Amino acid sequence: MSFFNYSDGELHAENVSLSSVARDYGTPCYVYSRAAFEKQWRDLDTAFGDHPHTICYAVKANSNIAILNLLARLGSGFDIVSEGELRRVLKAGGDPGKVVFSGVAKSEKELAFAIQNKVRSINIESVAELERVQKVAASLNATASIAFRVNPNVDPETHPYISTGMDKAKFGVTMEAAYDAYQRANDLANIDVHGIACHIGSQITKTSPFTDALEIVLNMVKRLSEKGIHIKQLDLGGGLGIDYQGETPPSAEAYVQSMISGIKAHGIDLPIAIEPGRYIAGNSGVLLTQVEFLKHNASKNFAIVDAGMNDLLRPSLYQAFHTIKPVAEESQAATQVFDVVGPVCESADVLGYDRELSVQAGDLLAVCSAGAYGFVMANNYNTRPKPPEILIDGEQAHLIRDRETYDQLLAGERLLP
């Protein structure tokens, strides 16, 4: 189900036309659907049935505190990778007892903040990090709840930049290193061995990589149990893909049931945590942009828009495909093949190659599937202010982040005396 559809000849987000959003808030801007976020989260929650579970939304996918607050109201937990993300969760009313803290380079300051706020689990990604967590917890006279993020060396068959569970990745601990590290952790005074974590990558479009990794993780759980180390939670990561360009990823039910079936086949009855980000946020938002000029070269037509790679980095960074739709369903302009390009002074500033569009200067375009890894990766390259974010709730449009001003952009800089 999409919450971005044409009605009366115009593309709408829920019941609000995107042309009215552009009129009221300007372009470029990010536009999200509350109903879409909530549906995606509830689909996963329902799929678990009565199996104990926590959905830990991956904050890095879309970290606006209004979005985090919506999910917290539903009962969501959160997957974080920095102190800043934990601060966002707390400001949004999230429960730190439902937070898992991942990331390969947590500082002592970040660890102290997490321990003081009693996050559910610090997911440790190296043996050296275990010693740091013990040191920080001892200095606070506290106990840190931990899991090791194990690396099962499973190929998720996705883009190499978002493949995180193979032995060449910077993430996680190899299985044998983790086995030894768990025994070390079990002996440390300020460490509580809570769980085992595994996250193999992102935009995965079939269940087999998940079930292959799960099999390896469950064998580790059994080995640890034989040593008297009893895991209390399986954190099985995220990575479930979405439809960007006709992909057919598993449904929430198929994804969840494949995990539950694997666990039951091993006779293991443990709560599950998952870390979805893209699945919840990706198709819950669009980037709205306006055509500034049309340009025709000997071999190329360009639709030059006011949104660029500073606003949406994924096409330039990952060669990612985003469907691009005109906001007006019909146009008097002739259909032509365009490269949709932005204003940034880089040849890589292309939002979409070879798109058939009927557009003219002044027309609005919606870059779809931009709810995840869109605004969170936006930057100020070419000294361009970041766009606003608008959340649509039925017939209401809510500004949930102001457009950045030039004064704000320059405020932290100083001239030499």
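Here are the numbers for this structure:
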quantity: Whichever residue in the range 68-81 is surrounded by fewer than 19 Cβ atoms within 10 Å (Cβ to Cβ) and more than 22 Å from Leu234 (Cβ to Cβ) and, among such residues, is farthest from the chain's Cα centre (by Cα); calculated: Arg73
quantity: Gly195 being touching a Lys or Arg at 6+ places or on another chain (Cβ under 7 Å), among the small types (Gly, Ala, Ser) and either surrounded by 15 or more Cβ atoms within 10 Å (Cβ to Cβ) or at pLDDT below 80 (or both); calculated: yes
quantity: Residue in the range 290-310 that is more than 30 Å from Pro343 (Cβ to Cβ), free of Cβ contacts under 8 Å to residues at least 12 places away in the same chain and not acidic (Asp, Glu) present; calculated: no
quantity: Residue check for Gly241: over 15 Å from Ile260 (Cβ atoms) and in contact with a Ser or Thr (Cβ under 8 Å, 6 or more places away or on another chain); calculated: yes
quantity: Conditions (1) among the aliphatic types (A, V, I, L, M); (2) closer than 25 Å to Ile80 by Cα; (3) in a loop (DSSP other than H, G, I, E, B): number failed by Met259; calculated: (3)
quantity: Residues that are within 25 Å of the chain's Cα centre (by Cα) and in a helix (DSSP H, G or I), drawn from the range 109-148; calculated: Lys109, Glu110, Leu111, Ala112, Phe113, Ala114, Ile115, Glu129
quantity: From the options Ala197, Ala252, Ala213, residue that is among the small types (Gly, Ala, Ser) and touching a Leu at 6+ places or on another chain (Cβ under 6 Å); calculated: Ala252
quantity: Which listed residue, of Tyr57, Tyr25, Tyr30, is aromatic (Phe, Trp, Tyr), touching a Phe, Trp or Tyr at 6+ places or on another chain (Cβ under 7 Å) and farther than 21 Å from Ile122 by Cβ; calculated: Tyr30
quantity: Output for the range 86-115, where each listed residue is surrounded by fewer than 16 Cβ atoms within 10 Å (Cβ to Cβ) and farther than 24 Å from Ile272 by Cα; calculated: Arg87, Lys91, Ala105, Ser107, Glu108, Lys109
quantity: Residue check for Gly246: outside any helix (DSSP H, G or I), assigned by TED's automatic domain parsing to the domain that holds Cys56, over 21 Å from Arg42 (Cα atoms) and within 22 Å of the chain's Cα centre (by Cα); calculated: yes
quantity: Leading residue by the ranking (surrounded by the fewest Cβ atoms within 10 Å (Cβ to Cβ)) among those in the range 198-237 that are more than 18 Å from Asp269 (Cα to Cα) and among the β-branched types (Val, Ile, Thr); calculated: Thr205
quantity: Positions within the range 279-323 being within 16 Å of Cys29 (Cβ to Cβ), charged (D, E, K, R) and part of a strand (DSSP E or B), in sequence order; calculated: Glu292
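The values are calculated or read from the model by the stated rules, or taken from the named source; none is laboratory data. What you see is a predicted model; the values in this text were computed from it and never measured. Virtual Cβ from ideal backbone geometry, glycine too; neighbours counted across all protein chains shown.
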